[in-house]
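The values are calculated or read from the model by the stated rules, or taken from the named source; none is laboratory data. Bear in mind the structure is a predicted one, so any value in this text is a computation, not a measurement. FYI the Cβ positions are ideal-geometry reconstructions off the backbone, even for glycines, and counts take in every protein chain you see. Accessible surface areas use protein heavy atoms only, side chains included; no ligands, DNA or RNA. Shrake-Rupley method; radii C 1.70, N 1.55, O 1.52, S 1.80 Å.
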Amino acid sequence: MTDWTRASALEMAEAMAAGTVTSVELVQAHLDRIAAVDGEGTPSNVHAFLHVDAEGALATAAEVDADRAAGKELPLLAGVPIAVKDIVVTKGMPTTAGSRILEGWMPPYDATLTTKLKAQRMPILGKTNMDEFAMGSSTEHSGYGPTHNPWDLDRIPGGSGGGSAASLAAFEAPLAIGSDTGGSIRQPAAVTGTVGAKPTYGGVSRYGAIALASSLDQLGPCGRTVADTAALHEVMGGHDPMDATSLDEPVPACLAAARDGRENGLKGVRIGVVKELGGEGYQAGVSQRFEESLEHLRAAGAEVVEVSCPSFKYALAAYYLILPSEASSNLAKFDSVRFGMRVEKDTIEKTMLATRAEGFGDEVKRRIILGTYALSAGYYDAYYGSAQKVRTLIQRDFAAAFETADVLVSPTAPTTPFKLGERLDDPLAMYLNDVATIPVNLAGVPAMSLPAGTAPEDGLPVGFQIIAPAHEDARMYRVAAALEKALEGEWGGPLTSLAPELEVVK
Ligand code: GLN
C-alpha cells in the first residue's frame, strides 16, 4: 500500500486527478500520522500542532471528492491537505499566535490567505505551533510548550515557524504556511531539511495575519520540494485591497520557473556569494555543504562570483531596534478588552496590567520594553532613527550586489539545529541564528531556503539561502530547482526521505 504521507503535494494532486487516491484518503492518512507522532502521550511528541481540525479537513476533502466525481473543474491543489501557522486567523478555528493571551480566542473572520486556501479547496489540517507572536528562532518561546525537531527530538525545529517546518519533516502535512519577519520561514526550513520561501514584501496579503513588525512581516509557503513550495506560493500571492501594502501586480510564475530550472539548468545565471554571510561563526559542516552546493550550481551552468555587502554587519542591530519598536505598538491592542484572556481586577488599569503580565511571556515583554524605550521622545533619533538609516544602507548594498549578480546566496543559518534549552537563557545567542536571513527583510526582497544536505559532524540538516531582487520571486525558484535536482540525485529523493524514522503509536 502506498504511504501517501511521503508523497509530494504535486504527486498527490496528480494522483487525485488520475483517480488513484481521494482527498478523504489523503486527509485521513495525515490525520493518522498526526495522531501517531504529534500529540502529548505519543512516544515522539513532535508537537507541531496546537490545534487539529479533523472534522473540518475531512468535510472539505469530501466536497472536493464529490465535485471531482461529478466532473467539475478544480484548482491545482484542490484536496491537498495543508497546515497553517497559528499566526493566520481562521474563522471558527482557534488562533493564538503561540500566546497564552489569546488562549480560547475564536476569530470572527478569515485572513485573506485563509480565504485563498479555501478557494483553492485545500483541507486545513490545523494550526501549527510557533514562538509567541513570532518572536524567536526555536519555537521554545511558544506559550504552549516547544516543538521537537523530527531529525532529533532533543533539538529545536527552528523558529518562529518551527511547528510548520516540523509538520513537513515529520510527514504530518505535505504543505504548510509560515510567516517571516527576520527568518521565521527560512531558518526553520534550514534546520528541518525542508523548503521555505519569503516572498517579496507585499507579494502575499497580510490581512488577517497577526502583526509582529508590519514593515518586515511577510507570509510565505513551506514544503518538502521546490516545486511544491512554488505551487503554494502562487496560490497565496496576488493583490488584496484589504492590505494597503499589497502589491498590485501579477503573481510571479514560480512553478514554471522551477520546472525550467530543473529541465534547462542555469546557463547564463550569475550567482553572487555574499562575503559577509559566511566564514567565521559558521559551523564547518554548514560551510562545507554550502561550498558543495556552489559546485553543483556551477555544474548546472551558472557563473559564481563574490559580492560584498558591507552594511550587513549592522543588520542584526538595526533589526532589533526596528522590530521591537513596531512590535510594542502592534501588541498594544492585547489589552484584556478586545481579545482573549482577561485577569479581572478592581479597576480597568489593573485588569490590563494583570492580563498583560500573565498573558505575555518573557521574550515578548523584553521586546515591548525595548521598543517602547527606543521610541521614547529623547531617544528616538539615536535608536529608531539610526536604525532606519542603516536600513537604507542595507537596501543600497543589495541594489549594488544585484548589479553584478542575478541572485545572491549564503548559508541560511550559521549552525545546524541546537539542543532544546541550550540558548533559551541567552537572547543574543538566539538572535544570532538570523544573521543571514535578517538583511532580506530589512530590504523587502524575496528569499528562500532549501536543503543542502546534512553536516558531516552531526548528521543534521543544513540550509542554502537564495535571495532575488524585489518582484523577481520566480528567479529564486529557478535556481533552487536546479540545485535540488543535483542534490536529489545524490540523496535519491528529498532530504527528508533520509530523516530517521519516528517512533509511532501502534
Ligand atoms: N528570529 C527572529 C526574531 O526573533 C525572526 C522572527 C520572525 O521572522 N518572525 O525576531
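Numbers for the structure displayed
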quantity: Where Y282 falls short, out of the listed (1) open to solvent by 10 Å² or more (accessible area, probe 1.4 Å); (2) among the hydroxyl-bearing types (S, T, Y); (3) in a helix (DSSP H, G or I); calculated: (3)
quantity: Condition met for E132 (within 16 Å of the ligand (Cβ to nearest atom), of a type in the set (D, E), modelled with pLDDT of 95 or more and buried (at least 24 other Cβ atoms within 10 Å of the Cβ)); calculated: yes
quantity: Meets criteria (open to solvent by less than 10 Å² (accessible area, probe 1.4 Å), touching a Gly at 6+ places or on another chain (Cβ under 7 Å) and of a type in the set (A, V, I, L, M)) for A190; calculated: yes
quantity: Inter-residue pairs, beta-carbon under 6 Å, first of a type in the set (K, R) and in region 167-192, second open to solvent by less than 10 Å² (accessible area, probe 1.4 Å), 6+ apart; calculated: R186/G196; R186/T412; R186/T437; R186/S449
quantity: For T115: the one exception among (1) assigned to a helix (DSSP H, G or I); (2) in contact (Cβ under 8 Å) with a residue 12 or more places away in the chain; (3) surrounded by fewer than 24 Cβ atoms within 10 Å (Cβ to Cβ); (4) not acidic (D, E); calculated: (2)
quantity: Residue in region 312-327 that is over 24 Å from the mean Cα position of the chain (by Cα), free of Cβ contacts under 8 Å to residues at least 40 places away in the same chain and open to solvent by 40 Å² or more (accessible area, probe 1.4 Å) present; calculated: no
quantity: Any hit, region 46-56, residues being over 20 Å from R224 (Cα atoms) and of a type in the set (D, E, K, R); calculated: yes
quantity: Criterion: among the β-branched types (V, I, T) and either free of Cβ contacts under 8 Å to residues at least 40 places away in the same chain or away from the ligand (no atom under 16 Å from the Cβ) (or both) - qualifying residue of V445, V440, V435, V504; calculated: V504
quantity: Inter-residue pairs, beta-carbon under 8 Å, first farther than 14 Å from T454 by Cα and of a type in the set (D, E) and in region 272-288, second in a helix (DSSP H, G or I) and open to solvent by 50 Å² or more (accessible area, probe 1.4 Å), 6+ apart; calculated: E276/P310; E276/K313
quantity: Among the candidates R342, R391, R356, R366, residue that is open to solvent by 80 Å² or more (accessible area, probe 1.4 Å) and part of a helix (DSSP H, G or I); calculated: R366
quantity: Qualifying helices (runs of 4 or more DSSP H) (wholly inside region 176-274; at least 1 residues being within 16 Å of the ligand (Cβ to nearest atom)); calculated: 186-192
